[in-house]
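Written below as structure tokens is the structure these notes are about.
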Amino acid sequence: MTRTLIYDTSQLVTCGQSGPDVRPGSPKIGDNFRRLELIKQGAMVVKDERIEWVGPESEISSQYPDRRFDITVAAKGGVVTPGLVDPHTHPIFAATREHEFYLRNSGKSYMEIAAAGGGIRNSVRKTRAASFDQLCQNAVRFLDQMLKSGTTTIEAKSGYGLSTAAELKSLEVIHWLNDNHSIDLIPTFMGAHEFPDEYRDNREGYVRLLIDEMIPEVAHSKLAVFCDIFTEAGVFDLDQSRRIMTAAKGHGLKLRFHAEELKSIGGAELAAEMGAISADHLVHITDTGIAKMAAAGTIAILLPATTFFLGHKEYAPARKMIDQGVAVALATDFNPGSSCTTSLPAVMTIAAIYLKITAEEIFNAVTFNSACSLGLQKEIGSLQPGKLADFVIWDVENYEQIPYLFAQNPVRSVFKRGRQVA
């Protein structure tokens, strides 16, 4: 047994829950989402991998009169928060797509580049040709960057294979990474990311491949927890999405949706109707979609870095969703095409500026609510006794400085399961 004391903090941001509106185990909404639970000059004791105690530093002597700790970690007046949770990433790919970044900046749209064979299909061709080892090595490079900026758990999607063999390979890479990297990866099957080149003129054939072969193989192999789909104009329509996700649900996969990113076609409504854990993007969500997501308890995962990186002007209506009772989380959408950032702190800044989300809401969105979207709120997302000791020490005076320090990285150290990993 190893007991570790973390002390000398300016703030210990627990991201816990309190108040009359708390729903234990449920994501934060309403006033609970607007509050940020913290302890000024707080301290924390970790026993092996889990948190044993949190409270004011002044109470350590009464809680631990012998003050026998195997390890002591001084935060040196910094801020301690839970490890950040990124609930939407695409880290399994073979090559970046910087050429498309410059094409967009010269006037080409995302859909024009995709229609010409770029975009997701570009990544598919290269990912299919890459070896297992190459995909692992490429992902490790970016996971290391995530860890250094405070992220300790991510949701990781396949989706650049778009064949049974290539999708299974991508999911196997995610499992290897989960076993060999400090970050925990929660696997999502996203064979319904796009129609591959060989099925451009036979879309029904690809839908049948997903339903009859790919989803059953993924479920049988137990390589994924979730199934995701790109429900969007020009990609998977509502009927195709319903059929594919019905099959996924029937095979025991939990549902996530890419919805209303470029146009509103009813993806948010479908996600709510089908009991999806999340609907993501939601730039063009309707009032009906907001109401149905709030009623269903479907979490909105907002991806403002994608809008920023694509140079679009319209952002998801975060304030309207929050005010109408939708649970909101934030993610990077890390991918080689539309959001090539590994930094949740950068996303936090963009969310503050363009989504008009407060600092308190931002921290709840990248910790507890993100953990809820992965079904991990009993283990991570807040600093409470019994939970895993995933936490970050920041070289700042208060939590509000973290989104404010744009394009800087004020992380001092990162701990995963009680052990310093960055």
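A compact table of results
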{"read-out": "Flag if residue 353 is assigned to a helix (DSSP H, G or I) and either of a type in the set (A, V, I, L, M) or buried (at least 24 other Cβ atoms within 10 Å of the Cβ) (or both)", "value": "yes"}
{"read-out": "All positions within segment 100-147 that are more than 25 Å from the chain's Cα centre (by Cα) and of a type in the set (Asp, Glu)", "value": "112"}
{"read-out": "Pairs with Cβ under 7 Å, 6+ apart, first in segment 68-92 and basic (Lys, Arg), second surrounded by 13 or more Cβ atoms within 10 Å (Cβ to Cβ)", "value": "76/8"}
{"read-out": "Among (1) touching a strand residue (DSSP E or B) at 6+ places or on another chain (Cβ under 6 Å); (2) in the same structural domain as residue 303 (by TED's automatic domain parsing) - the single one residue 73 does not satisfy", "value": "(2)"}
{"read-out": "Entirely in segment 100-176, the helices (runs of 4 or more DSSP H) that have 2 or more residues that are touching a residue at least 60 places away in the same chain (Cβ under 8 Å), under 23 Å from residue 342 (Cβ atoms) and not small (Gly, Ala, Ser)", "value": "120-129, 132-148"}
{"read-out": "Filtered residue count, segment 301-333, keeping only those that are in a helix (DSSP H, G or I) and free of Cβ contacts under 8 Å to residues at least 24 places away in the same chain", "value": "1"}
{"read-out": "Matching entry among 209, 223 (being under 30 Å from residue 419 (Cβ atoms) and over 17 Å from the mean Cα position of the chain (by Cα))", "value": "223"}
{"read-out": "Given (1) touching a residue at least 60 places away in the same chain (Cβ under 8 Å); (2) assigned to a helix (DSSP H, G or I), number of the condition residue 348 does not satisfy", "value": "(1)"}
{"read-out": "Residues of segment 85-99 classified as assigned to a strand (DSSP E or B) and closer than 22 Å to residue 163 by Cβ, total", "value": "1"}
{"read-out": "Flag for residue 314 being crowded, with 24+ Cβ neighbours inside 10 Å and either among the hydroxyl-bearing types (Ser, Thr, Tyr) or under 18 Å from residue 111 (Cα atoms) (or both)", "value": "no"}
{"read-out": "Output for segment 143-182, where each listed residue is acidic (Asp, Glu) and surrounded by 24 or more Cβ atoms within 10 Å (Cβ to Cβ)", "value": "155, 167"}
{"read-out": "Residue in segment 403-414 that is part of a loop (DSSP other than H, G, I, E, B) and either among the β-branched types (Val, Ile, Thr) or farther than 29 Å from residue 96 by Cβ (or both) present", "value": "no"}
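For every residue, the table says whether it meets (1) modelled with pLDDT of 95 or more; (2) of a type in the set (Ser, Thr, Tyr); (3) assigned by TED's automatic domain parsing to the domain that holds residue 162.
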position	(1), (2), (3)
20	no, no, no
24	no, no, no
47	yes, no, no
57	yes, no, no
88	yes, no, yes
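Conditions tested, residue by residue: (1) closer than 30 Å to residue 229 by Cβ; (2) among the hydroxyl-bearing types (Ser, Thr, Tyr).
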| site | (1), (2) |
| --- | --- |
| 7 | no, yes |
| 23 | yes, no |
| 69 | no, no |
| 98 | yes, no |
| 112 | yes, no |
| 118 | yes, no |
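The values are calculated or read from the model by the stated rules, or taken from the named source; none is laboratory data. Computed from a predicted model, the values in this text were never measured in an experiment. Virtual Cβ from ideal backbone geometry, glycine too; neighbours counted across all protein chains shown.
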